[in-house]
Amino acid sequence: MMAIDLRGEVRWWGIAIADTWQQHKALSIVFLIVSVTLSWLDGIAIALWTIVALWLGVHLLRRYRNRMTLADHERQRRSRVYVQWLSSVWPELMLRLGCAAHVTDGPRTVPAFTSYSWSAGVLWMSVTLPLGMTREQLESRADAIAQNLGARRVSVSAAPGGATVMVAFSDPLEQVFALPLATSVDLGAIPLGLREDGSPWTMRLGPHTLVAGSSGSGKASLVWGLILGLASSIRSGLVQVHGIDLKSAMELGMGRELLTRFGHTPEQAVQLLEEAVASMQARALELSGSTRQHVATIASPHIVVLIDEMAALTAYQADRELMRRANNAIALLCSQGRAVGYTVFACLQDPRKETLPARGLFTQTIGLRLRDAMETAMVLGEGMRDKGALCHRIPPTMPGTGYIVPDDGSDPVRVRAGTVTDEMIRSAARDFAAPHQIPIVTPEPAVAEPASASRSRRTRRTPKGEEG
């Protein structure tokens, strides 16, 4: 016979009845009044009311048994208790942190906490701002608010009539997750991972994208996330990926079957870039006068120029002429390629202008873990750090985590890329290989003439009497 936990049952029913009273006070009062009134009447009325009460009890039991466990009730109770406490201390906290508007000959007014909701350990608060106070004042105190509320992180974003304050007690991006292979492709929404609110993080193919992050920050997850997100379009020929990897092909070499073109030496990389510029300009001439925006087809595919660790090409290259040609080609692709279906997706560790002269031509940027707040401003733009983009505070234990700025220029969003394993790359390379590979043919280097032969020829050309 199964043992019955009498104490647990009594506790469960107590919580269920208390929650019912809290949520349906009016109905509960009516129920009690009718019960007391009927207790003075005859047995038939009492019997009928007993049947109704039993039905309500069974309904209550089914509802709470099916939808809410004891842990759910406890969590909900604690959430309500916390919000009640927060409502009581919020005005004082705002005053002490200086988040208040000064009124002449009157008390200071603070942001009003109006409504809230919970989502996976995150409290979302709607706050109205008093006249004379800006959202930036509240944003500047986000860290202090988090420390005082015992939260892991607080961020402030714009909302109609005020602001939304996110108070995170757990990190929804903390757990590692795999990125599923996309079976169908929407070039306007390529899946890359998750946003902080748990919704999918997708990227639109079209804007030139720069991914900046220190060593080990997870740039590879974004590179392979993009390729695997395009896998079915690569196999059909609707999209071509032209890859450059100057780290001895260590990164892109594993899935080179997915690449239509692949360069792993400086000479091959520059040749690939310059031929991409030439074909881009030829396509622009074809489309001139007929359309202003390219639409990808099998005959005219979208070209993605993917560059892993771009600084090896644009700043650290020993051959200055190759470096100049590479920077010139990248600038042309970024300034002219979007409308004709040419996209540059590049990664680098050092986001300084000296490392990448064409940095300003990348219209979509992703900041992973960076060294300091200055680099965050270089990658995401001025003011983004004050709005909550803390790339320099991302821990090394969370590779693939970063910040993006939405297309509308609103507040930065914290995201994390899904993990892509070696087996996933090999499987995609086997099942979604590009229809054909186009080799890169570099011109033969000029043979240097021996110095002795050169001196001899100059001597023969010297007029008689002028030697020496």
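The values are calculated or read from the model by the stated rules, or taken from the named source; none is laboratory data. Source: prediction; values computed, not measured. Ideal geometry is used to build each Cβ from the backbone, glycine not excepted, and the neighbour counts take in all protein chains shown.
Numbers at a glance
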read-out	value
Positions within the range 292-332 being closer than 18 Å to Phe262 by Cβ and among the small types (Gly, Ala, Ser), in sequence order	Ala312, Ala326, Ala329
Residue, surrounded by the fewest Cβ atoms within 10 Å (Cβ to Cβ), within the range 365-403, restricted to residues that are under 15 Å from Trp201 (Cβ atoms), in contact with a Pro (Cβ under 9 Å, 6 or more places away or on another chain) and in contact (Cβ under 8 Å) with a residue 40 or more places away in the chain	Thr365
Glu251 vs. criteria more than 18 Å from Ile330 (Cβ to Cβ) and either of a type in the set (Asp, Glu) or outside the structural domain of His392 (by TED's automatic domain parsing) (or both)	yes
Residues located in the range 301-317, provided they are more than 18 Å from Ser232 (Cβ to Cβ) and part of a loop (DSSP other than H, G, I, E, B)	Glu309, Met310, Ala315, Tyr316, Gln317
Residue within the range 128-137 that is out of contact with any helix residue (DSSP H, G or I) (no Cβ under 7 Å at 6 or more places or on another chain), in a loop (DSSP other than H, G, I, E, B) and without any contact (Cβ under 8 Å) to a residue 24 or more places away in the chain present	yes
Members of the range 365-380 found to be closer than 21 Å to Gln137 by Cβ and over 16 Å from the mean Cα position of the chain (by Cα), listed by number	Ala373, Ala377
Verdict on Pro172 being modelled with pLDDT under 85 and part of a loop (DSSP other than H, G, I, E, B)	yes
Checklist (1) part of a helix (DSSP H, G or I); (2) of a type outside the set (D, E, K, R); (3) surrounded by 14 or more Cβ atoms within 10 Å (Cβ to Cβ) applied to Gln147, failing item	(3)
Single residue of the range 198-218 satisfying the filter (of a type in the set (Gly, Ala, Ser) and within 17 Å of Thr314 (Cβ to Cβ)) that is surrounded by the most Cβ atoms within 10 Å (Cβ to Cβ)	Ala212
Residue in the range 259-282 that is surrounded by fewer than 16 Cβ atoms within 10 Å (Cβ to Cβ) and under 29 Å from the mean Cα position of the chain (by Cα) present	no
Exclusive hit being of a type in the set (A, V, I, L, M, F, W, C) and either in contact (Cβ under 8 Å) with a residue 40 or more places away in the chain or within 30 Å of Glu423 (Cβ to Cβ) (or both), set Ala163, Ala151, Ala146, Ala159	Ala163
Subset of the range 175-185 that is at pLDDT 85 or above and touching a Ser or Thr at 6+ places or on another chain (Cβ under 9 Å) - its residue that is surrounded by the fewest Cβ atoms within 10 Å (Cβ to Cβ)	Ala178
Pairs where the first residue, in the range 210-225, is closer than 14 Å to Val305 by Cα and among the charged types (D, E, K, R) and the second is modelled with pLDDT under 95 and surrounded by 24 or more Cβ atoms within 10 Å (Cβ to Cβ), C-beta under 6 Å, 6+ apart	none
Single unsatisfied condition, Ser157 versus (1) small (Gly, Ala, Ser); (2) touching a Gly at 6+ places or on another chain (Cβ under 9 Å); (3) assigned to a helix (DSSP H, G or I)	(3)
Those residues of the range 428-443 which are outside any loop (DSSP other than H, G, I, E, B) and aliphatic (A, V, I, L, M), in sequence order	Ala428, Ala429
When residues of the range 359-381 are limited to those that are within 19 Å of Val413 (Cβ to Cβ) and assigned to a loop (DSSP other than H, G, I, E, B), the one modelled with the lowest pLDDT	Gly381
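Let's see how each residue does on (1) β-branched (Val, Ile, Thr); (2) touching a residue at least 60 places away in the same chain (Cβ under 8 Å); (3) touching a Phe, Trp or Tyr at 6+ places or on another chain (Cβ under 8 Å); (4) farther than 19 Å from His294 by Cα:
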| residue | (1), (2), (3), (4) |
| --- | --- |
| Ala331 | no, no, no, yes |
| Cys334 | no, yes, yes, no |
| Arg338 | no, yes, no, no |
| Gly341 | no, no, no, no |
| Ala346 | no, yes, yes, yes |
| Pro357 | no, no, no, yes |
| Gly360 | no, no, no, yes |
| Thr363 | yes, yes, no, no |
